[in-house]
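> For reference, the structure I am asking about is given below.
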Amino acid sequence: MQVPPRLWHTLGADFFYCNNNWYLLASDYYSKFPIVGKMSALTANAKVLAMRQISSEYGIPDTIISNCGRQFVSDEFTKVADQYGFSITTSSPYYRKGHGFIERRVQTIKKALTKCKEDSSDHYLALLTLRSTPLTSNLTSPAELLTGRKFKTTLPVKVPAPVNQDMQRQLLQERSQQQTQHYNQGARELPPLENNQQVYIQDPKSKTWENETVLDKGETPRSFIVTANSSSDKPMRKNSFPETNGPRESNPDSFNWNTNNITVTKNTRDSCSEKCAKSKTIPETKETYQIYVN
């Protein structure tokens, strides 16, 4: 078999049936990297959608080699090939040796999936092992050939840094700082909440404000434990701002409330994540801390 001139130049593709499911296997002729996807239906449209997803994640190949299955020679798939700019090469009908590379890959994948079902083990880890195992003693793994890096697996392995990692990391850091500076142009640092300080918490459904008390600081940065002065069982509060009135007796039903990228947790350890931002002051003399639910 002729080795393609570069990575992701030529793909082999085929359907196979295993464990009561149909799968699509696509594998790069150069790196031998396998891509396995469960198919909801064996239709031309399903094949077209799968090929679009593969192309968006890994790039468009130059050639796809397949058998003469109707999904690969349909008008829909031919239109996608013209749109994306790759050619379709079909092997001889009823002659599996003409499509030997992908047939061998199918057998390898089927054995792995069947073994995982018998052992009730994770088939995703099995596929990861196939992708990260060196092809020979003097060749790297399919994953390293295709992506240029070692994949971390459950086995102890040292993942070396890319040669230009320091330079790329510096450029990414500068880009992140520029975005942060632009986003925070009108922002200012809010003062922390104090223990026994009165705050208003807004219910995310009724939009009504409730008077609560700050009990203590939370375990995570910029987080606080506040009471939940409500008869209904609500897992979170949407927003809050300090009140100038004096403290009042706290309620044992309390929540962990963070003012930025927060996790709100009840004392019973029920948790949910929320995104935080600062809103306008309500009223004018009060600071406002607003939380947006994911």
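> Among the listed residues Ser141, Ser132, Ser91, identify the single one that is polar (S, T, N, Q), within 27 Å of Cys68 (Cβ to Cβ) and surrounded by 11 or more Cβ atoms within 10 Å (Cβ to Cβ). Can you show your working first?
Details: Ser141 fails: within 27 Å of Cys68 (Cβ to Cβ); Ser132 fails: within 27 Å of Cys68 (Cβ to Cβ).
Ser91 is the lone residue from the list that is polar (S, T, N, Q), within 27 Å of Cys68 (Cβ to Cβ) and surrounded by 11 or more Cβ atoms within 10 Å (Cβ to Cβ).
> Okay, moving on. Tell me, yes or no, whether the range 110-121 has at least one residue that is under 26 Å from His9 (Cα atoms) and surrounded by 13 or more Cβ atoms within 10 Å (Cβ to Cβ). Step through it out loud before you land on a result.
As a first pass, look at the range 110-121 and keep what is under 26 Å from His9 (Cα atoms): 110.
Next cut, surrounded by 13 or more Cβ atoms within 10 Å (Cβ to Cβ) only: 110.
Yes, that holds for at least one residue.
> For Met39, all conditions in the list (1) more than 26 Å from Gln2 (Cβ to Cβ); (2) surrounded by 15 or more Cβ atoms within 10 Å (Cβ to Cβ); (3) modelled with pLDDT of 95 or more hold save one; what is the number of the exception?
Answer for Met39: the failing condition is (3).
> Where residues in the range 4-31 are in contact with a Ser or Thr (Cβ under 9 Å, 6 or more places away or on another chain) and part of a loop (DSSP other than H, G, I, E, B), which of them is surrounded by the fewest Cβ atoms within 10 Å (Cβ to Cβ)?
Residue satisfying both the conditions and the ranking: Asn19.
> Count, please, the residues in the range 201-215 that happen to be in contact (Cβ under 8 Å) with a residue 60 or more places away in the chain and either surrounded by fewer than 13 Cβ atoms within 10 Å (Cβ to Cβ) or outside the structural domain of Val226 (by TED's automatic domain parsing) (or both).
Of the residues in the range 201-215, 0 are in contact (Cβ under 8 Å) with a residue 60 or more places away in the chain and either surrounded by fewer than 13 Cβ atoms within 10 Å (Cβ to Cβ) or outside the structural domain of Val226 (by TED's automatic domain parsing) (or both).
> Answer yes or no: is there a residue in the range 171-180 that is in contact (Cβ under 8 Å) with a residue 40 or more places away in the chain, out of contact with any strand residue (DSSP E or B) (no Cβ under 7 Å at 6 or more places or on another chain), surrounded by fewer than 11 Cβ atoms within 10 Å (Cβ to Cβ) and over 30 Å from Glu144 (Cβ atoms).
No, because not a single residue in the range 171-180 is in contact (Cβ under 8 Å) with a residue 40 or more places away in the chain, out of contact with any strand residue (DSSP E or B) (no Cβ under 7 Å at 6 or more places or on another chain), surrounded by fewer than 11 Cβ atoms within 10 Å (Cβ to Cβ) and over 30 Å from Glu144 (Cβ atoms).
> Another question, if that's okay. In a loop (DSSP other than H, G, I, E, B) and over 26 Å from the mean Cα position of the chain (by Cα): is that true of Pro160 in this structure?
On the way: in a loop (DSSP other than H, G, I, E, B): yes; over 26 Å from the mean Cα position of the chain (by Cα): no.
Answer is no for this residue.
The values are calculated or read from the model by the stated rules, or taken from the named source; none is laboratory data. Because the structure is a prediction, the values reported are computed rather than measured. Please note: Cβ atoms are built from the backbone with ideal geometry, for glycine as well, and neighbour counts cover all protein chains shown.
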